[in-house]
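Below you'll find the structure, written out as structure tokens, and then a few comments.
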Amino acid sequence: MTVVSAILFSVTWMVCATWDHFWGRPALLVWRLVAFALTAAFILSLLAGMRYSSGWLRLSYRVSAVWMGLLNLCLFAAAACWCAAAIAKVLGWDLDRRVIVAVFYGLAVLACGYGMLNAAWLRVTRVSVPLPHLPPAWQGREVVLMSDVHLGNVRGAAFMRRVVNKAMSLRPYAVFVCGDVFDGPKADYDRLVEPCRALTAPGGVYFVTGNHEEFSDRAKYIAAIERSGLRVLNNEKVTVEGLQIVGVHDSEAEEPERLRKILQDAALDRRQPSILLAHRPANLAMAEAAGLSLQVSGHTHRGQMWPWFWVAYKVHGPFAYGLNRLGNLLVLTSSGAGTWGPPMRVGTKSEIVLIHLECAAASV
């Protein structure tokens, strides 16, 4: 955390210093203090939230998280100011430095506002997925993939209710909840997931943990999920009308040997289709070798905010988002319903995914 804090304070200094340089006179001291105080508030509320819960702490986190999003955008606005000034000097253009900084920092503020509105707009992404040997009972059925709701200091039970209502309006035959329902801070977990009591489907509603449920003892999160009525797949397989559904928690799915053992113990029947619920699109070669037909995941947020898409794709390759194939394994990754850190999305969307299942032979 020391390194992260140093980076955040350095970025804050650069953003303030660039404004001072281009505006022509130092900003008022009070505004510099506010900028550094908000950066400090984010770090402190993030750490304190793991152990304590209060209205003031939630407010501090929400305000400072918005600042983190704006700071991210202002960092690139500052870089753009220096680039524009350098280009103008080379070309001999006489550009007003105040205009340069006002335009780029103004665009950052507008992008911040857009990002908050965009993150609050929950969409439905529809995807057709062909599976081999799909039994007649599942052909044409639709299931919902839900991930990364991130309930905690920013999103609460009201947001969870919106997600559940959106999912239920689609009348899915089954629902897959692939982790990070909770953001991680201390909270009333039962209250946050109380709306999940309305999350029902004929084929079942299944949950596995994400990395945010693994920050501390995951038992408290799993217990709250179970009390809300969802079926927790504890590194196990269930078969529903000829479709094999395997759920692996994030800690186990992240470790290749543990994942290998769980998939071996699942004793998959390769003559029947199978779906793996795992929070991250990782260790895919292992899932493919085990004979799984489809893996559904979240975690990546598709980078959440510009320009961090490249990080998500650098880490996960083409599997950072959407439907992709590795050998005989299809991998479907959602950008998630919620956000982590800044409650905004720039260049990505908040979504739940409606999966239309069809027989692979029918798609030829």
(message) Take residue 164 and tell me if it is over 15 Å from the mean Cα position of the chain (by Cα), closer than 28 Å to residue 327 by Cα and either in a loop (DSSP other than H, G, I, E, B) or assigned by TED's automatic domain parsing to the domain that holds residue 296 (or both).
(response) no
(message) Against the definition (exposed (fewer than 14 other Cβ atoms within 10 Å of the Cβ) and under 30 Å from residue 117 (Cα atoms)), how does residue 307 come out, yes or no?
(response) yes
(request) Residue by residue through the range 287-338, note down the ones that are touching a Phe, Trp or Tyr at 6+ places or on another chain (Cβ under 6 Å) and not hydroxyl-bearing (Ser, Thr, Tyr). (result) 296, 302, 303, 320, 331
(request) Being within 15 Å of residue 70 (Cα to Cα) and of a type in the set (S, T, N, Q) is the filter here, so list the residues in the range 103-129 that pass it. (result) 118
(message) Quick check on residue 101: is it part of a helix (DSSP H, G or I) and touching a residue at least 12 places away in the same chain (Cβ under 8 Å)?
(response) yes
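For every residue, the table says whether it meets (1) in the same structural domain as residue 184 (by TED's automatic domain parsing); (2) of a type in the set (Phe, Trp, Tyr); (3) closer than 16 Å to residue 13 by Cα.
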| site | (1), (2), (3) |
| --- | --- |
| 41 | no, no, yes |
| 46 | no, no, no |
| 52 | no, yes, no |
| 55 | no, no, no |
| 61 | no, yes, no |
| 71 | no, no, yes |
| 74 | no, no, yes |
| 77 | no, no, yes |
(request) Test residue 262 against the stated conditions and say whether it is within 27 Å of residue 132 (Cα to Cα), assigned to a helix (DSSP H, G or I) and modelled with pLDDT of 95 or more. (result) yes
(message) Cβ-Cβ under 8 Å, sequence separation 6+ or interchain: first residue in the range 236-250 and farther than 16 Å from residue 205 by Cβ, partner buried (at least 17 other Cβ atoms within 10 Å of the Cβ) and among the basic types (Lys, Arg). Which pairs?
(response) 244/237; 249/218; 250/280
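The values are calculated or read from the model by the stated rules, or taken from the named source; none is laboratory data. What you see is a predicted model; the values in this text were computed from it and never measured. As a convention, Cβ positions derive from the backbone with ideal geometry for all residues, glycine included, and neighbour counts pool all protein chains shown.
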